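Before any comments, here is the structure.
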Amino acid sequence: MNKTWYKEGIVYQIYPRSFKDSNQDGVGDLRGIIEKLDYLKDLGISIVWLSPIYESPLDDNGYDISDYCKILPEYGTMDDFIELVNGLHERGIALIMDLVVNHTSDEHPWFVESKKSVDNPYRDYYIWKEGTEGKAPNKWGSFFGGPAWEYDETTNQYYLHLFSKKQPDLNWDNPNVREEVKKILTFWLDLGVDGFRCDVINIISKREGLPEGKWKPVLRGSEHYINGPKVHEYLHELYEDVLSKYNCFTVGESVFITPEIALDYIADWKEELSMLFQFDHMNADCFFVKWFGRKFKPVRLKKAMTKWQYGINEKGWNTLYFENHDQPRSVSRFGSLKYREQSAKMLATYLLFQKGTPFIYQGQEIGMTNAHFTKLSQYRDVESLNIYRIGTKKLLWSKRRMLKKLARSSRDHARTPMQWSNEINGGFSEATPWIEANTNYETINVKNDLKNKNSILKYYQKIIALRKKHEIIVYGEFIEHYPNDNKIVCYERNYEDEKLVVVANFTGKEVFQKAPYDLAKAKLLLNNYDDDDRILKPYQAKVYLFKK
Ligand code: GLC
Ligand code: CA
């Protein structure tokens, strides 16, 4: 196992639109982040992942890019960006950017050209096809619902978009496209960035001829682009030509993947990506896709997490996350609003003592909860609005039913403004924010948490400090106990002459503390309650350290 800085790092994800508004226009911006640099330093994190800040018509909040080398003016200027990079580096914090290159915006100049004629030099930057009998070329579906093809009358052909119709897929088989991507990587690396989070990177290579694919309830055709035929060749090319020349790392977002297949991208001896995000544990409260919810069961979460702990183990490196800008808030999903503080701390303990690089999403460190939206007009996310339309118009489901689905699973739950204080809009902005703040900012906010020594924020600071102090938390071998127990968590880590044991209660009721060792012989490193006996209080979590 090679030791490296990014394995030892702790990442904090910033969704710039919702982090901090510095000029009171209701939209978060780079100067807002600069204002909070010391907050990040005090939290102890060592890497920031910045969601897209590039020029974009914002159909998908910046995941639809119209210029990869310019900053969206709403977010600031290139000077602000340089100041941000320097400010982070001065504090010992690295920066990774979001690389969104499965698709561009339909307003990107490449696509504007591509649309013009079948012999335009940019035509082959995208994936165009003739229709069949007045219909789309095949029945492939979009991740946001509906068909993955859009008809364009200029040339009487269809273009492929696996996300919104304003996000046409790039044609990676075109070597010019790959050269453009390398230029983008080089541009940002030369500005000092330390790596990339690569958006939906395991779907960039589509099978030649774009075959129809077997019938599926959603995402028909996906077997022809998930881990597609040339994905490894293309990622290796980026690694060899650009990434390997810098001290940087990459984390790829990968959909529908197993640990075995993940190793094809990230095993220590592969020269492709450094680590991957996977989604197995995000199904602990739904069936396959989030719009079909089921009751959360701790054991399902545990099984998925453990599968990846064991599956990647010594061969590669895991990521650890419960939240990001696409997921509802973890305390609302996997914890309890009745025991918000205890369960937020318990989830932090369960997650952050496992093996892998942790990713903390803005607001998670203060236990932010899902939004309280009751009306469609409160939602902003293109995916939520699409699904609502498909549900009510095509499937003829009631508006109430669709609003219930959004209230549970919308990506907007993660996108409400960061709650800094109990001032208006949670101190995010004095202007009306682009998306409503969660009204619970009156009590749930950073300012309160900084004052209270038992706060969730202080607990995160403690865990982060422990991760930095004890190598065992980073590199120790993971072993789980009682995997089928739906009430408690118990796992250990082993490294050199130390053993670390995590025990936790995943329920709102007291449970008996089971452990494979005599914990009285160990040192208690962390506890989210004051008492330490053989009964675990609701969502109690404890960490013990043994010297062998
Ligand atoms: C990724 C992003 C998500 C975006 C999609 C299309 O899943 O995390 O926010 O909508 O890719 O770029
Ligand atoms: Ca602003």
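The values are calculated or read from the model by the stated rules, or taken from the named source; none is laboratory data. Since the model is a prediction, treat every value here as computed from it, not as a measurement. Backbone-built Cβ (ideal geometry, glycine too); neighbour counts: all protein chains shown.
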Query raised in the report: Can we say Asp29 is among the charged types (D, E, K, R) and within 15 Å of ligand 2 (Cβ to nearest atom)?
Result: yes
Query raised in the report: Going by the structure shown, is Trp172 in contact with a Ser or Thr (Cβ under 6 Å, 6 or more places away or on another chain), away from ligand 2 (no atom under 16 Å from the Cβ) and either more than 23 Å from Tyr12 (Cα to Cα) or among the hydroxyl-bearing types (Ser, Thr, Tyr) (or both)?
Result: yes
Report task. Given the conditions (1) closer than 27 Å to Tyr6 by Cα; (2) surrounded by fewer than 21 Cβ atoms within 10 Å (Cβ to Cβ), report the number of the one that Trp49 does not fulfil. Result -> (2)
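Yes/no per residue for (1) of a type in the set (D, E, K, R); (2) free of Cβ contacts under 8 Å to residues at least 60 places away in the same chain; (3) surrounded by 18 or more Cβ atoms within 10 Å (Cβ to Cβ):
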site	(1), (2), (3)
Pro483	no, no, no
Lys487	yes, no, no
Glu492	yes, yes, yes
Val511	no, yes, no
Ala520	no, yes, no
Asp530	yes, yes, no
Asp533	yes, yes, no
Leu536	no, yes, yes
Tyr544	no, yes, yes
Report task. Could you please let me know if Ser18 is over 21 Å from the mean Cα position of the chain (by Cα), among the hydroxyl-bearing types (Ser, Thr, Tyr) and at pLDDT 95 or above? Result -> no
Requested in this report: Filter the stretch 78-99 down to residues that are within 16 Å of ligand 2 (Cβ to nearest atom) and closer than 16 Å to Phe187 by Cα and give me whichever is surrounded by the fewest Cβ atoms within 10 Å (Cβ to Cβ).
Outcome: Asp79
Query raised in the report: What pairs come up if the first residue lies in the stretch 171-194 and is surrounded by 15 or more Cβ atoms within 10 Å (Cβ to Cβ), the second is outside any loop (DSSP other than H, G, I, E, B) and small (Gly, Ala, Ser), and their beta carbons are under 9 Å apart, counting only those six or more places apart or on different chains?
Result: Leu189/Gly195; Val193/Ala94; Asp194/Ala94
Query raised in the report: In the set Lys509, Lys514, which member is touching a Cys at 6+ places or on another chain (Cβ under 9 Å) and farther than 28 Å from Ile47 by Cβ?
Result: Lys514
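Residues are listed down the side, and each one gets a yes or a no for (1) more than 16 Å from ligand 1 (Cβ to nearest atom); (2) more than 17 Å from Met97 (Cα to Cα); (3) within 22 Å of the chain's Cα centre (by Cα):
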position: Asn2; (1), (2), (3): yes, yes, no
position: Val11; (1), (2), (3): no, no, yes
position: Ser22; (1), (2), (3): yes, yes, no
position: Val27; (1), (2), (3): yes, yes, yes
position: Leu30; (1), (2), (3): yes, no, yes
position: Leu37; (1), (2), (3): yes, no, yes
position: Asp42; (1), (2), (3): yes, yes, no
position: Ile45; (1), (2), (3): yes, no, yes
Query raised in the report: Do we find a residue being crowded, with 18+ Cβ neighbours inside 10 Å and assigned to a strand (DSSP E or B) anywhere in the stretch 466-479?
Result: yes
Query raised in the report: Across the stretch 32-48, what is the number of residues that are of a type outside the set (Gly, Ala, Ser), away from ligand 2 (no atom under 16 Å from the Cβ) and out of contact with any Gly (no Cβ under 7 Å at 6 or more places or on another chain)?
Result: 8
Requested in this report: Mind counting the residues in the stretch 8-30 that are closer than 19 Å to Asn324 by Cα and not hydrophobic (A, V, I, L, M, F, W, C)?
Outcome: 10
Report summary line: Scanning the stretch 59-74 residue by residue, those under 19 Å from Arg31 (Cβ atoms), of a type in the set (A, V, I, L, M, F, W, C) and part of a loop (DSSP other than H, G, I, E, B) turn out to be Leu72
Report summary line: Considering the stretch 301-353, residues that are under 16 Å from the mean Cα position of the chain (by Cα) and more than 21 Å from Gly363 (Cα to Cα), and then whichever is nearest to ligand 1 (Cβ to nearest atom), we arrive at Asn318
Report summary line: Here the residues within the stretch 289-300 that are in contact (Cβ under 8 Å) with a residue 60 or more places away in the chain and either within 16 Å of ligand 1 (Cβ to nearest atom) or assigned to a loop (DSSP other than H, G, I, E, B) (or both) are Val289, Lys290, Trp291, Lys297
Query raised in the report: How many residues does the stretch 266-275 hold that are out of contact with any helix residue (DSSP H, G or I) (no Cβ under 7 Å at 6 or more places or on another chain) and outside any loop (DSSP other than H, G, I, E, B)?
Result: 1
Requested in this report: Determine the pairs where a residue that is in the same structural domain as Leu189 (by TED's automatic domain parsing), located within the stretch 70-92, has a partner that is basic (Lys, Arg) and more than 16 Å from ligand 1 (Cβ to nearest atom) with Cβ atoms under 8 Å apart, the partner being 6 or more residues away or on another chain.
Outcome: Gly76/Arg31; Met78/Lys70; Asp80/Arg31; Arg91/Lys41; Gly92/Lys41
Requested in this report: Please state which of the following conditions Asn445 fails to meet, knowing it meets all the rest: (1) touching a Phe, Trp or Tyr at 6+ places or on another chain (Cβ under 9 Å); (2) within 29 Å of Ala148 (Cβ to Cβ).
Outcome: (2)
